[in-house]
Structure formats: C-alpha cells, structure tokens
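The values are calculated or read from the model by the stated rules, or taken from the named source; none is laboratory data. The model shown is predicted, which means the values in this text are computed figures rather than measured ones. Because the Cβ atoms are built from the backbone with ideal geometry, glycine has one as well, and the counts that use them run over all protein chains shown. Quick note on the areas: whole protein, heavy atoms, side chains included, nothing else; ligands and nucleic acids left out. Shrake-Rupley method; radii C 1.70, N 1.55, O 1.52, S 1.80 Å.
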Amino acid sequence: MEIKVIKQIMDWNKECHDELIGKLNDNKVTMINVMGSPGAGKTTFILNLLNEFKKEGLKVGVIEGDIAGKVDAEKIAKEGIQVVQLNTDGACHIEAESIKNILPNFDLKDLDLIIVENIGNLVCPAEFNIGEHLKIALLSVPEGDDKVQKYPLMFANSDGLVITKSDLKDYFEFDYTKIFDDAIKRNQKIRIFAVNSKVDGCLSEVKEWILSKMKRA
C-alpha cells in the first residue's frame, strides 16, 4: 500500500512537471534547479551567476527554497533581482506543485531565466522534477570526495556538477580525479566545473554552458 501511494505522488508530480515545462517553453523561459548540501555555496553561486547574466542583458527571476526564514532571499533582493521565498515548513525538497503556485508571481514574458535554489540536502531534491530544464548539483571541497558514491542519484540526475570552494583545496584531502570518475561513471553526459568564487568571472564557463543549453531549451 505504501509503495502505491509513493508511485501516485511521483506520477502526479511528473504531470505537473510536464505542464510547467510546456508553460515555460511557451514563454521562452529556461528554469534551472540548483541543488546541494547546506553550506555548499548555492546562494553565492547564484549571486555570481546573476552577475554573469547581467553582462548578457538577460532578465532573471529567483525562487529561494528554505525550510524557514528568508536570509538568502534578502541577499538576492539587494541585487535588484525579483525573488520569491518558498518556505517548506519542514519538507526536505521542493515539488512541482509549489513551483506552479509561485509562477504567477513572475511576468514570464519579461524573463529569460528562473533560477531555483532547492532545499539544502543531497537526497530528496534529486527525486523530484520541478519543471526545470537544467539540474545543477553543487559539491564543495570541504564536503569531501566521497559524496558521489554516497549520494549517486543526485549526480546521476544532474546535467551539471559544480565543485565549489576550490580555493580551500590545500586544506582538505579532496581528490578531483575521483569525483570526476565517480560522476562520469554514473552520468556520462554530466558537465563538470571547478570554481573559486573569490575570483572574478569564476563562472564564465558555467554561464557559456548554460547559454548553449538555453538555445536548445
């Protein structure tokens, strides 16, 4: 009985995901789902990405997912970006229905991109599609190089893997080759980047990759 309920929920979420994809495509808006552990650098990554997109003249909206609070949303708002805070009140992931309820807050005709910062963990967010065109998983150097083996679904389902906090590599035992090999073994199409957020333009390659995907979205 329990298995049936889970299957029904996932089927329902897929229908909502497909509906969202259609709506976004109709308005020529690309949505990106940014996932990772607490402290992986998701908000910093998004802020740097916003700066890159500003250079391209792209209009971006942000959905900030948290269990509670609006700390990260306030950081985004200070940059003059339209942001909507989504608090799950305990849920460990965002579902497509939540995104569907939030979209009316945006004028899709005036946007090129929507970036979603998912709830901070490497398990639940990997299981739910939310209407996104791209999934980007973040993994920070301090988290260790064993996370792809421990949480394979996150990396198997992601289009991109961004290794953050690379400026700390001298302080931790972190094997880049191991991460690359483990990720490619589970997802041959995944694109991998290593970034140092303290360096200006650190996300230029990530930006170009996203732009290339937007053309086909």
**Prompt:** Can you tell me how many residues in region 80-118 are under 14 Å from ASP66 (Cβ atoms), open to solvent by 10 Å² or more (accessible area, probe 1.4 Å) and in contact with a helix residue (DSSP H, G or I) (Cβ under 7 Å, 6 or more places away or on another chain)?
**Reply:** 6
**Asked** Would you pick out the residues in region 164-217 that are in contact (Cβ under 8 Å) with a residue 12 or more places away in the chain, of a type in the set (Lys, Arg) and within 23 Å of ILE46 (Cα to Cα)?
**Response** LYS165, LYS169, LYS189, ARG191, LYS198, LYS207, LYS213
**Prompt:** Taking into account only those residues within region 208-217 that are outside any loop (DSSP other than H, G, I, E, B) and either open to solvent by less than 70 Å² (accessible area, probe 1.4 Å) or touching a strand residue (DSSP E or B) at 6+ places or on another chain (Cβ under 8 Å) (or both), which is farthest from LYS28 (Cα to Cα)?
**Reply:** TRP209
**Request:** Only residues that are touching a residue at least 40 places away in the same chain (Cβ under 8 Å), more than 20 Å from ILE102 (Cα to Cα) and basic (Lys, Arg): list them for region 56-87, please.
**Result:** none
**Item:** Of all residues in region 62-79 being part of a strand (DSSP E or B) and not β-branched (Val, Ile, Thr), the one that is surrounded by the most Cβ atoms within 10 Å (Cβ to Cβ)
**Value:** GLY65
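I'd like to check which helices (runs of 4 or more DSSP H) are fully inside region 121-207 and have at least 2 residues that are open to solvent by 40 Å² or more (accessible area, probe 1.4 Å), among the β-branched types (Val, Ile, Thr) and more than 30 Å from LEU86 (Cα to Cα).
It comes to 176-186.
Considering only residues that are among the acidic types (Asp, Glu) and touching a strand residue (DSSP E or B) at 6+ places or on another chain (Cβ under 7 Å), which ones fall in region 46-76?
Those that are among the acidic types (Asp, Glu) and touching a strand residue (DSSP E or B) at 6+ places or on another chain (Cβ under 7 Å): GLU64, ASP66, ASP72.
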**Prompt:** Can you name the residue in region 80-106 that is part of a loop (DSSP other than H, G, I, E, B) and in contact with a strand residue (DSSP E or B) (Cβ under 9 Å, 6 or more places away or on another chain) and, of all such residues, is nearest to ILE210 (Cα to Cα)?
**Reply:** ILE81
